[in-house]
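**Student:** Got a structure for you, written out below as structure tokens; questions coming shortly.
The values are calculated or read from the model by the stated rules, or taken from the named source; none is laboratory data. The model shown is predicted, which means the values in this text are computed figures rather than measured ones. Reconstructed Cβ throughout: ideal geometry from the backbone, glycine too, with neighbour counts over all protein chains shown.
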Amino acid sequence: MPAMNEEKTISDVVSSVVKCGYNIIVVDDASSDLTAQKAKAAGAIVLSNIQNLGAWKATQSGLRYAQKLGFELVVTMDADGQHEANDIHLLIEAYDKGADVVIGNCTSRGSTGRHIAWKFFKFFNALKVNDITSGFRLYNKEALTCLVSREATMFEYQCIGVLIMLRNMKLNIIETSVPMKEREIGVSRIFHSWVAVGYYLLYSGILSISKAFPTNKSKYITRITRLKGID
């Protein structure tokens, strides 16, 4: 769980996960408030970045630590309270049907502009994922090995680039419907200003178009075989 300046919600979110019997790792992304202290007091393992890395790289830090601890199944979720710990079982149930990656799908959220952007990106990158920005995801051991790699560090966001990488690694990605709450406190790290929105759209658009026509797919199969040996 990546978190930056989420002191108003982090205690309740962490406590709800702990009550469900799960271990939880919070990556405090250089918060200027009491996020780290409150997360630790609520029962989380807390990793604190000395400088802000952004939501995806903070998430990747948590994934790497989870792998180091020996976890073979990892769920990511946001710290703002929009994802419910009680819904983690929905991801697990979908995983048990034979997936490598499960995405909590809630396409009813978001503005009309966001949905138009999703359709635009999907037209080029051919991702068979409806909710590409959902941070409520489950990854198995194979997906985890892929996402802790140096190649995955190059991405700015967890959505298009990460999903394309997982797809090209021949991993099975499925979606399952979950309820999500609207953020009530704070602002989105991606959509907090028009400048940030513009950068996200430009970055994601270029990435989608560049991946519209994958070249030699066999290289991805070779690469994931190599990545399985990463410590």
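**Student:** Which one of I92, I25 is within 14 Å of the chain's Cα centre (by Cα) and in contact (Cβ under 8 Å) with a residue 24 or more places away in the chain? Spell out how you get there, then give the answer.
**Tutor:** Values: I92 fails: within 14 Å of the chain's Cα centre (by Cα).
That would be I25, the only listed residue that is within 14 Å of the chain's Cα centre (by Cα) and in contact (Cβ under 8 Å) with a residue 24 or more places away in the chain.
**Student:** For segment 142-168, enumerate the residues that are at pLDDT 90 or above, aliphatic (A, V, I, L, M) and either touching a His at 6+ places or on another chain (Cβ under 6 Å) or farther than 22 Å from A79 by Cβ (or both).
**Tutor:** L166
**Student:** Limited to segment 141-164, what total is found for residues that are in contact (Cβ under 8 Å) with a residue 24 or more places away in the chain, part of a helix (DSSP H, G or I) and either farther than 16 Å from Y95 by Cα or of a type in the set (D, E, K, R) (or both)?
**Tutor:** Pass one, segment 141-164, residues in contact (Cβ under 8 Å) with a residue 24 or more places away in the chain: 141-149, 151-153, 155-164.
Still in the list and also part of a helix (DSSP H, G or I): 141-147, 151-153, 160-164.
Filter once more, keeping what is either farther than 16 Å from Y95 by Cα or of a type in the set (D, E, K, R) (or both): 141-142, 145-147, 151-153, 160-164.
Residues flagged as in contact (Cβ under 8 Å) with a residue 24 or more places away in the chain, part of a helix (DSSP H, G or I) and either farther than 16 Å from Y95 by Cα or of a type in the set (D, E, K, R) (or both) within segment 141-164 amount to 13.
**Student:** Are any residues in segment 32-80 more than 16 Å from the chain's Cα centre (by Cα), polar (S, T, N, Q) and crowded, with 21+ Cβ neighbours inside 10 Å, and if so, which ones?
**Tutor:** T35
**Student:** Something else now. Taking G104 as meeting all but one of (1) at pLDDT 95 or above; (2) touching a Leu at 6+ places or on another chain (Cβ under 7 Å), write down the number of the exception.
**Tutor:** G104 satisfies all of (1) at pLDDT 95 or above; (2) touching a Leu at 6+ places or on another chain (Cβ under 7 Å) except (1).
**Student:** So, in segment 109-140, of the ones that are in a loop (DSSP other than H, G, I, E, B) and among the hydrophobic types (A, V, I, L, M, F, W, C), which residue ends up modelled with the highest pLDDT?
**Tutor:** F136
**Student:** Shifting gears a bit: Please state which one of N168, N86 is polar (S, T, N, Q) and either free of Cβ contacts under 8 Å to residues at least 24 places away in the same chain or over 19 Å from S16 (Cβ atoms) (or both).
**Tutor:** On the way: N86 fails: either free of Cβ contacts under 8 Å to residues at least 24 places away in the same chain or over 19 Å from S16 (Cβ atoms) (or both).
Selected residue: N168, the only one of N168, N86 that is polar (S, T, N, Q) and either free of Cβ contacts under 8 Å to residues at least 24 places away in the same chain or over 19 Å from S16 (Cβ atoms) (or both).
**Student:** Then there is this: Please list, ordered by first then second residue, the pairs with beta carbon atoms under 8 Å, 6 or more apart or interchain, first in segment 29-49 and at pLDDT 95 or above, second of a type in the set (K, R).
**Tutor:** Pairs found: V46/K40.
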